[in-house]
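Please read the structure below before turning to the comments.
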Amino acid sequence: MADLKMTGIAKSYGDVNVLKDINLDIKTGELIVFVGPSGCGKSTLLRMVAGLESITGGELKIDSTVVNDIPPAERGIAMVFQSYALYPHMTVRDNMSFALKLAKKSKEEIDASVSKAAKILQLEDYLDRLPKALSGGQRQRVAIGRSIVRDPKVYLFDEPLSNLDAALRVATRIEIAQLKESMPESTMIYVTHDQVEAMTLATRIVVLANKGIAQVGTPLDLYERPENEFVARFIGSPAMNLWPGKVVATGAQTKVQLADGCEAISDVPTTEADMGLKVNVGVRPEDLRATEATPAYTGKVDFTELLGEVTQIYFDAPAGEHIIAKLPGIVHGLRGKTIRLTAAADKVHLFADGRSLLYR
Amino acid sequence: MHIAGQKSSLSWAVHISVLALVALWLFPTVGLLVSSFRTSDQIATSGWWKAMFPSQQNLTLRSDAPELQVQEGDVFVIEGMLFAEGKNAEISVWGVSSRAIDSFVAGDSAPLKKGGTVTVQANGQYRMENTEPFSGTRGTRIFVTATTPPEFTLRNYQNVLFDPENAEGMAKAFINTLTVTIPATIIPIVIAAFAAYALAWMEFPGRALLIAVIVGLLVVPLQLALIPLLKLHNEVGIGKGYLGAWLAHTGFGLPLAIYLLRNYMVGLPRDIIENARVDGATEFQIFIKIILPLSFPALASFAIFQFLWTWNDLLVALVFLIDSTGDTTVMTKQIVELLGTRGGNWEILATSAFVSIAVPLMVFFAMQKYLVRGLLAGSVK
């Protein structure tokens, strides 16, 4: 139920810059996911929104109020921690009503909020238990319930699922998605390093890298139209393949000359001026397919992984990382063979100096 | 190599050490306890480990006084029991002179120095006969060697604890020790809990230095501070009372208290405290509602330590609780004095000593769970 606006947010510890010049508008009802490699500052940014870390530069507004120097409790936020951070000596009910008691709410009001949240999260039978008598998933739900009862302007989630096992993680992810649907007015910020969580939950994803924002966009935007090589390789698994090449034909479609007589045609438009431009051609492993015509890539299969629904093929790479292709179904006997691969023109990305030619 | 589930080859050494330690601790304690229920005669003739068996004792008993004699025909007779009623002792040999205490066996008759004879039966019954009337005011001494059954008495405790006439009793000293110990335990814990929270979780300049100073103070022997501190107390005017002793114990206990509690509190999960902060708790509310309940094991373990060593303390009491009236004598000091005045009365010493260790024992057994938990603080999630 609140907008959130970051203008030039920066964070430094002494001389060490952790984040700089973060500009981001978050609108009411959005679920924004911060993703990025370890140490990119995504949790720090979240904790700055929460008020647990000081903001060393820029301005943070919640509902057009600058909250830089307002203590956490008065910002109207609620946070769910990775470790749940339940109070171990209090029952589930006391855990959930702690904030309301501190806010001196009436007993009826507290009871109503707690039982409502408990109902949403199916915790009604556990209200009088201590956290140690709950399973991991239940503890996580208590942590979420504790933030729901406060009816905050902004929900903050700091890697809430990373302490759960794989099956429970999927179930809880779906619960969070349903919870978000049941509260369409609430604004949420969610930090994760798990791509699947980011892709499934986010209204928009913010990719953080190199102390700043690499790209902001809907999950499919990031997948289909990455702004730079970092986002292209960060989103999607396995990562996008990149080959160096040279532009040899321009226009509505662009033709790129690659090593070993290979070439690729892309739907990314270019102009006369781009003739001879050195670019990196990017194709996702799942977009590569075998061809008899002029290939975009030719290589000898180093080894294969049979995953059932797909077969992942790793090619010899004289320098750098393996080139990877994903073929549907189970394909036997590819090892040691030389394969010619190409991709549809609309699946071929072009990057110059790390930036996508789409966004010039 | 140690494989889980397998016994280490050194486990027998561990078991033997544990057994040795238990024995080392148990023997004196049980000995003290048993001795405190025995009479001085029993203590003098046999060790406490024989308390459960009949013991052979040399006793000096006295017949009834001559004024109880009766005339039967032309002989004067004194008849009675040598032992108190209900005592099932059995006499083997006896005598009427301290130089020959085993001249006669039970049932024999012996001539008396002043004339007449005495007959002593095995159960202690005696009969003195004389043709002349018995003279004098006191009965005749009879030396017996008797086998007495095991006997336990509460008289020592009655004497030491409940006899208002006994100026050397432990009752007053017991109360005095409690008066010193309880505030001397509570005051440092309260102060240390606040200090430890601040040192663990509040940012302020000089915090690291303060922690270093506290660690440094841990190794300062308290003897260093005795005289200057006493001088200070005398100048302030609290040199001769409980207040001085409480403050001294507080001061000497604080470095360890702060150090222990701070180390425990700093290990509490940061997330919980931050969550409380987001929930709107002030620092004081975080301290009272989150930190204190979660630190209970550490608080309890330090409380036990502090209680035990203020209870057993003699040095601080001697220096800071100077009493000429004897109204504030603590138990440790009382026992020292008893050693001087009643050094031979083992039954009094054993009982007094056991009175003084009874409370530490109870505290230890009641709270040992927290003691162990507090010592292992942080190692188990």
### Query
If you count the DSSP beta bridges with both ends in the protein assembly as shown, what percent of them are antiparallel, to the nearest 5?
85
### Query
Which value, in debye to the nearest 20, gives the size of the charge dipole of segment A:4-234 about its Cα centre, when Lys and Arg are +1 and Asp and Glu are -1 at the Cβ?
420
### Message
I'd like the interface area for chains A and B: accessible area of each alone minus the complex, both sides summed, 1.4 Å probe, protein heavy atoms only. What is it in Å² to the nearest 100?
### Response
1600
### Summary
The percentage of Cα-Cα pairs in segment B:291-381 separated by more than 18 Å is 58
### Task
Calculate the length of the line joining the C-alpha centroid of segment A:293-349 to that of segment A:139-154, in whole Å.
46
### Task
Report, as an integer, the average count of C-beta atoms from other chains found within 10 Å of each Cβ along B:266-276.
6
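Treating only the Cβ atoms of Lys and Arg (+1) and Asp and Glu (-1) as charged, compute the dipole magnitude of segment B:55-148 about its Cα centre; round to the nearest 20 debye. Walk me through the numbers before you get to the answer.
Working: 8 positive and 11 negative charges, 90 e Å.
Dipole size: approximately 440 debye.
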## Note on the structure
Probe 1.4 Å, heavy atoms of protein chains only: per residue, the accessible area of chain A in Å² is 45
### Shielding by partners, peptide A:150-159 (average Cβ within 10 angstrom, other chains)
1
### Query
Along the charge dipole of the protein assembly as shown, Cβ charges K/R +1 and D/E -1, which of A:VAL268, B:TRP94, B:PRO149 sits furthest on the positive end?
A:VAL268
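On the accessible surface of the protein assembly as shown, probed at 1.4 Å, how many percent belong to carbon and sulfur atoms?
Working: 22000 of 37760 Å².
The value for the protein assembly as shown is 58 percent carbon and sulfur by accessible area.
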### Query
Counting only the heavy atoms of the protein chains, how much of A:ARG289 is accessible to a 1.4 Å probe, in Å² to the nearest 10?
120
## Note on the structure
Interface call, segment B:292-314: threshold 10 Å², probe 1.4 Å, accessible heavy-atom surface of protein chains, chain by itself vs complex, result B:PRO293, B:LEU294
### Furthest towards positive pole of dipole, B:SER40, A:PRO244, B:THR181, structure part the protein assembly as shown, Cβ charges
A:PRO244
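Pop out the Kirkwood hydrodynamic radius of chain B from its pairwise C-alpha distances, inverse of mean 1/r, in Å to one decimal.
In chain B this quantity evaluates to 26.6 Å.
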### Relative contact order, percent, chain B [alpha-carbon distance under 8 Å, six or more residues apart]
19
#### Entry: Measure of compaction for segment B:181-274 (Cα Rg per 2.2 N^0.38 Å)
1.24
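GluC sites (Glu not before Pro) within segment A:256-303: which are DSSP loop residues with at most 14 other Cβ atoms inside 10 Å? Walk me through the numbers before you get to the answer.
Working: sites: A:GLU263, A:GLU272, A:GLU286, A:GLU292; in loops: A:GLU292.
Of the GluC sites (Glu not before Pro), the ones in loops of segment A:256-303 whose Cβ has at most 14 other Cβ atoms within 10 Å are A:GLU292.
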## Note on the structure
The alpha-carbon center of segment A:228-255 and that of segment B:69-94 are separated, in whole Å, by 123
### Summary
Here, segment A:1-149 modelled as identical Cα point scatterers in vacuum has Debye log10 I(q)/I(0) at q = 0.12, 0.16 Å⁻¹ of -0.60, -0.96
### Query
Remind me, what semi-axes does segment B:281-340 give for its equivalent ellipsoid, largest first in whole Å, using sqrt of 5 times each Cα gyration tensor eigenvalue?
39, 13, 7
### Query
With every protein chain in place, what's the accessible area of B:GLU283 (1.4 Å probe, Å², nearest 10)?
70
### Task
Determine ³J(HN,Hα), in whole Hz, for all residues of segment B:70-81 in sequence, where each value follows from phi through the Karplus function 6.51 cos²θ - 1.76 cosθ + 1.60 and θ = phi - 60°; x replaces Gly and Pro.
10, 9, 10, x, 10, 10, 9, 10, 10, 10, x, 10
### Task
Please list the radius of gyration and Dmax for segment A:143-185, considering alpha-carbon atoms only, with Å as the unit.
11.0, 31
### All-pairs alpha carbon distance profile, chain A, 10 Å steps from 0, percent
5, 21, 25, 21, 15, 9, 3, 0
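Assuming a viscosity of 0.890 mPa s and a temperature of 25 °C, what translational diffusion coefficient in µm² per second does Stokes-Einstein assign to segment A:241-359, Rh being the Kirkwood radius over Cα pairs? Mind showing how you got there, number by number?
On the way: Rh = 14.7 Å.
The estimated diffusion coefficient comes to 167 µm²/s.
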### Message
In Å and on Cα atoms, what radius of gyration and Dmax does segment B:55-148 show?
### Response
12.7, 41
### Query
What's the percent breakdown of Cα-Cα distances in the protein assembly as shown across 20 Å bins, shortest bin first?
12, 26, 24, 17, 11, 7, 3, 1, 0
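For segment B:160-375, state the semi-axes of the equivalent ellipsoid (square roots of 5 times the eigenvalues of the alpha-carbon gyration tensor), sorted largest first and rounded to whole angstrom. Kindly include the intermediate steps, with their values, before the conclusion.
Numbers: eigenvalues 289, 83, 37 Å².
Those come to 38, 20, 14 Å.
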## Note on the structure
Mean separation of Cα contacts under 8 Å (at least 6 apart) over the residue count of segment A:121-245, i.e. the relative contact order in percent, is 15
### Query
Along the charge dipole of segment A:4-234, Cβ charges K/R +1 and D/E -1, which of A:MET96, A:GLY8, A:PRO37 sits furthest on the positive end?
A:MET96
### Query
What would the Debye formula give as log10 I(q)/I(0) at q = 0.15, 0.28 Å⁻¹ for the alpha-carbon point model of segment B:162-233, no solvent?
-0.80, -1.15
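The values are calculated or read from the model by the stated rules, or taken from the named source; none is laboratory data. Since we're looking at a predicted model, the values are computed, not measured. Using ideal geometry, Cβ is built from the backbone for each residue, glycine included, and neighbour counts are taken over all protein chains shown. Ligands, DNA and RNA are stripped out before the accessible areas are found, and what is left, the full protein with its side chains, is counted by its heavy atoms. Shrake-Rupley method; radii C 1.70, N 1.55, O 1.52, S 1.80 Å.
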